[in-house]
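Working notes, structure below.
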Amino acid sequence: QKEVEQNSGPLSVPEGAIASLNCTYSDRGSQSFFWYRQYSGKSPELIMFIYSNGDKEDGRFTAQLNKASQYVSLLIRDSQPSDSATYLCAVNDYGGSQGNLIFGKGTKLSVKP
Amino acid sequence: DTGVSQDPRHKITKRGQNVTFRCDPISEHNRLYWYRQTLGQGPEFLTYFQNEAQLEKSRLLSDRFSAERPKGSFSTLEIQRTEQGDSAMYLCASSPAVSSYNEQFFGPGTRLTVL
């Protein structure tokens, strides 16, 4: 059973702080990794993906991947109240259907003004 | 609007009725996915199309569920003889053929409530 694990939270950070969201995955064959943001009652929105070990930066967001440790993280710098949402980590299941995503349950982030 | 669209956005039905949902992917995307999401869970994969071919079905997809993508454009997901356990958000996502990484873009979802 391929799994993606996330701390469900809630993770609470003050406005302007760095929020750090973590995710581990079980399948060593996984090749690409995704972070989605989901506001309550809405659908997931892709914010970043990463496929190489190391860091990938996009604006206030940095994704970090360590394949040896089967660990992927998302850092949000200068957190804003509008960043309050559930963040879903997803892993591409290449061993399955040529690319369906396996999702974690999500981490709920709350940014306090 | 060039994103993924889904219709209807909300559906309330009585147990035992049939329901059908529609998804229109982003126009140049040839891969289309259906997922189901319940409260407090991440989306769970249901089925996948590449063009008009249905290439994979999850074990979650019982015989009461069927999906089609007749011309490789829009897709429909039908649930027959609905049960209360079918209540969930049904999400459609699409992905471009040219992408090696298979980043998927979701539509707004159809929220199904079975009474």
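Side notes on the structure shown:
- Net charge of neighbours whose Cβ lies under 14 Å from the Cβ of A:Thr62, counting Lys and Arg as +1 and Asp and Glu as -1: -2
- Scattering curve values for chain A, log₁₀ I(q)/I(0), Debye with Cα scatterers, q = 0.12, 0.13, 0.21, 0.23 Å⁻¹: -0.38, -0.45, -1.13, -1.31
- Across the accessible surface of the protein assembly as shown, with the other protein chains kept in place and a 1.4 Å probe, carbon and sulfur atoms take up 45 percent.
- Each of B:Thr2, B:Thr20, A:Thr107, B:Thr76 has its accessible area taken with a 1.4 Å probe; listed largest first, they run B:Thr2, B:Thr20, B:Thr76, A:Thr107.
- Chain A - share of DSSP beta bridges that are antiparallel (%, nearest 5): 90 percent
- B:Arg31 sits among other residues whose Cβ lies under 13 Å from its own Cβ, and their net charge, with Lys and Arg +1 and Asp and Glu -1, is -3.
- Cα-based reach from B:Lys11 at 29 Å (exclusive), listing lysines while leaving out same-chain residues under 8 positions away: A:Lys42, A:Lys105, A:Lys108, B:Lys57, B:Lys71
- Solvent-accessible area per residue, Å², over chain B with all protein chains present [probe radius 1.4 Å]: 51 Å²
- A:Ile102 sits with roughly 40 Å² accessible to a 1.4 Å probe, with DNA, RNA and ligands left out of the calculation.
- Accessible surface of B:Asp24 - all protein chains present, 1.4 Å probe, nearest 10 Å²: 50 Å²
- Computed over the protein assembly as shown, the Cα gyration tensor eigenvalues convert (square root of 5λ each) into semi-axes of 30, 20, 16 Å, ordered from largest to smallest.
- Mean accessible surface per residue for chain A, computed with a 1.4 Å probe while every protein chain stays in place, in Å²: 47 Å²
- Local electrostatic count at A:Gly16 - Lys and Arg +1, Asp and Glu -1, tallied over other residues with Cβ under 14 Å: 0
- Inter-centroid distance (Cα atoms) of segment A:16-39 relative to segment B:1-57, Å: 23 Å
- When chains A and B come together, the accessible area they lose, probed at 1.4 Å and totalled over both chains, is close to 1700 Å².
The values are calculated or read from the model by the stated rules, or taken from the named source; none is laboratory data. Everything numeric here is computed off the predicted structure, so don't read it as measured data. As a convention, Cβ positions derive from the backbone with ideal geometry for all residues, glycine included, and neighbour counts pool all protein chains shown. We work out accessible area using only protein heavy atoms, side chains counted, and drop any ligands, DNA or RNA first. Shrake-Rupley method; radii C 1.70, N 1.55, O 1.52, S 1.80 Å.
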